[in-house]
Amino acid sequence: MIGTLLLLHFYLQIECEKTRATYFICVKPPQSIFAWGTSGYKRHFPQPVPQRKKIIHNFTRRIQSKIKDLLQQMEEGLKTADPHDCSAYTGWTGIALLYLQLYRVTCDQNYLLRSLDYVKRTLRNLNGRRVTFLCGDAGPLAVGAVVYHKLKSDGESQECITKLLQLQRTIVCRDSDLPDELLFGRAGYLYALLYVNTEMGPGAVCESAIKEVVDAIIDSGKTLSKEERKAERCPLLYQWHRKQYVGAAHGMAGIYYMLMQPAAKVDQETLTEMVKPSIDYMRHKRFRSGNYPSSLSNETDRLVHWCHGAPGVIHTLMQAYKVFKEEKYLRDAVECSDVIWQRGLLRKGYGICHGTAGNGYSFLSLYRLTQDKKYLYRACKFAEWCLEYGAHGCRIPDRPYSLFEGMAGAIHFLSDILAPETARFPAFELGSSERDPKVQKDS
Ligand SMILES: [Zn+2]
């Protein structure tokens, strides 16, 4: 324990040296979590170890009280939200996911029941228009299956899974113009299946169903790659609205990320021969800064969001590191993390799709992978910025209380700061019963 605290202290000093220079997008420099006052960080160090423990505890209490406060605001605000939007992205499934998360972190059964209220609401309003977890019916159905499962209502849970699998026919049809990306396409349906199996145990959704979806995604990527004469360099190429997007939401990073999930059971040969060279192709498109373009044809190094840019791609790089065990992927992920640290406090707001909370998740994931406290510190600093919700003069999103654009996402992130070892970017990262394998730090 003492060792951990000393390590934390060491990194705090390193970061504090850098802080003033790095927050150039920041509207107002964040106050220190671990030191009192705002007038320069350095003079507060070193502090005696026992005090720091207390301060961290204080920070936890600040987060807990802010969560309570924001939850109240959110519930009040949701009274005027679109009653028909049942999506995870901007609607009621997102709120159900938030309460499920609060149940996970606190074990308070009331949160699970709250989640159930929202689940019931969404299941009455399935619209059959879209198929993904984030923007379509697969979200409400998958979350419904999991919430009912946790409540031991196996009949209702199974009914959700049956309906979820009925969507599959549209997904695997090769002639449809369904895209492959995460928000509206096949990868977003694949996530729903993997989510159910991760939360309920393997076999809840049968492997053959998963394989059919994976095969459809691979076929589609191969076809476009051939059409574009990129079969050698990028064997799996994807587009959305005729643009070859790179990021997590609409692009290749999100699709490759799903294909590399162990639960997707993509065979090693496909991973090595198809996915890996495609990721390397994407890596070569990165900007000098370490950030990534929003699409292959875009030369502007502007967006540092989960949806477009390094905060989304970093997850793909970390997953590539886990799957292929090559240092270059971890190195690139660390570079992404530096860009996010420098430019990731966003005027767009506090949300997770294109806001500070979503960018903060990249640090939590890198912390889990490396166990390097530096990244936990960075996540805490972004969380601290979110604690002053509304005070930074950010733009107000269209759905200000939703999971992906607004307040629910920020609450989700803050609650994950309380349990960083099991934190997961919602509707994207998959949980695991085991902790991520520890990796050796670069010396
Ligand atoms: Zn976005």
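For this structure, a couple of remarks:
- Segment 125-144 - residue that is at pLDDT below 95 and of a type in the set (D, E, K, R) and, of those, surrounded by the most Cβ atoms within 10 Å (Cβ to Cβ): 130
- Checking 171, 95, 67, 63 one by one, the residue that is more than 28 Å from residue 387 (Cα to Cα) and β-branched (Val, Ile, Thr) is 171 and no other.
- Checking each residue in segment 211-255 for being within 16 Å of the ligand (Cβ to nearest atom), touching a Leu at 6+ places or on another chain (Cβ under 7 Å) and not in a helix (DSSP H, G or I) picks out 246, 248, 249, 250.
- If you go through segment 152-181 and keep only what is touching a residue at least 40 places away in the same chain (Cβ under 8 Å) and polar (S, T, N, Q), you end up with 157, 168.
- Among residues of segment 339-373, those that are open to solvent by less than 10 Å² (accessible area, probe 1.4 Å), within 15 Å of the ligand (Cβ to nearest atom) and either aliphatic (A, V, I, L, M) or part of a helix (DSSP H, G or I) (or both), counted: 9
- Matching residues in segment 216-241 - criterion: being among the polar types (S, T, N, Q), within 25 Å of residue 300 (Cα to Cα) and open to solvent by 10 Å² or more (accessible area, probe 1.4 Å): 239
- Residue 276 being open to solvent by less than 40 Å² (accessible area, probe 1.4 Å), more than 16 Å from the ligand (Cβ to nearest atom), of a type in the set (Lys, Arg) and closer than 25 Å to residue 418 by Cβ: no
- Residues satisfying the stated conditions in segment 282-297, i.e. open to solvent by 10 Å² or more (accessible area, probe 1.4 Å), part of a loop (DSSP other than H, G, I, E, B) and either in contact with a Pro (Cβ under 6 Å, 6 or more places away or on another chain) or away from the ligand (no atom under 15 Å from the Cβ) (or both): 284, 285, 286, 287, 288, 289, 296, 297
- Selected residue (criterion: farthest from residue 361 (Cα to Cα)) from residues of segment 390-420 that are more than 16 Å from the ligand (Cβ to nearest atom) and of a type in the set (Val, Ile, Thr): 411
- Qualifying residue in segment 374-389 (condition: touching a residue at least 60 places away in the same chain (Cβ under 8 Å), open to solvent by less than 10 Å² (accessible area, probe 1.4 Å) and within 16 Å of the ligand (Cβ to nearest atom)): no
For every residue, the table says whether it meets (1) of a type in the set (Val, Ile, Thr); (2) surrounded by fewer than 18 Cβ atoms within 10 Å (Cβ to Cβ); (3) in contact with a strand residue (DSSP E or B) (Cβ under 8 Å, 6 or more places away or on another chain).
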site	(1), (2), (3)
162	yes, yes, no
168	no, no, no
174	no, yes, no
177	no, yes, no
185	no, no, yes
191	no, no, no
194	no, no, no
198	yes, no, no
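- Residue match in segment 378-389 (condition: among the aromatic types (Phe, Trp, Tyr), modelled with pLDDT of 95 or more and assigned to a loop (DSSP other than H, G, I, E, B)): no
- Residues being among the hydrophobic types (A, V, I, L, M, F, W, C) and either assigned to a loop (DSSP other than H, G, I, E, B) or in contact (Cβ under 8 Å) with a residue 60 or more places away in the chain (or both) - total across segment 300-333: 8
- Note on segment 298-328: among residues that are under 16 Å from the mean Cα position of the chain (by Cα) and among the polar types (S, T, N, Q), the one that is nearest to the ligand (Cβ to nearest atom) is 316.
- For segment 147-159, the condition of being more than 24 Å from residue 107 (Cα to Cα), open to solvent by 10 Å² or more (accessible area, probe 1.4 Å), touching a Gly at 6+ places or on another chain (Cβ under 9 Å) and in a helix (DSSP H, G or I) holds for at least one residue.
- On inspection, residue 309 does not qualify as over 30 Å from residue 220 (Cβ atoms), open to solvent by less than 10 Å² (accessible area, probe 1.4 Å) and not aromatic (Phe, Trp, Tyr).
- Hits in segment 242-267 (condition: out of contact with any helix residue (DSSP H, G or I) (no Cβ under 9 Å at 6 or more places or on another chain) and either without any contact (Cβ under 8 Å) to a residue 12 or more places away in the chain or crowded, with 24+ Cβ neighbours inside 10 Å (or both)): 242, 250, 267
The values are calculated or read from the model by the stated rules, or taken from the named source; none is laboratory data. Nothing here was measured: the structure is a model prediction, and the numbers come from that model. Because the Cβ atoms are built from the backbone with ideal geometry, glycine has one as well, and the counts that use them run over all protein chains shown. When the accessible area is computed, the model is the full protein with side chains, heavy atoms only, and any ligands, DNA or RNA have been set aside. Shrake-Rupley method; radii C 1.70, N 1.55, O 1.52, S 1.80 Å.
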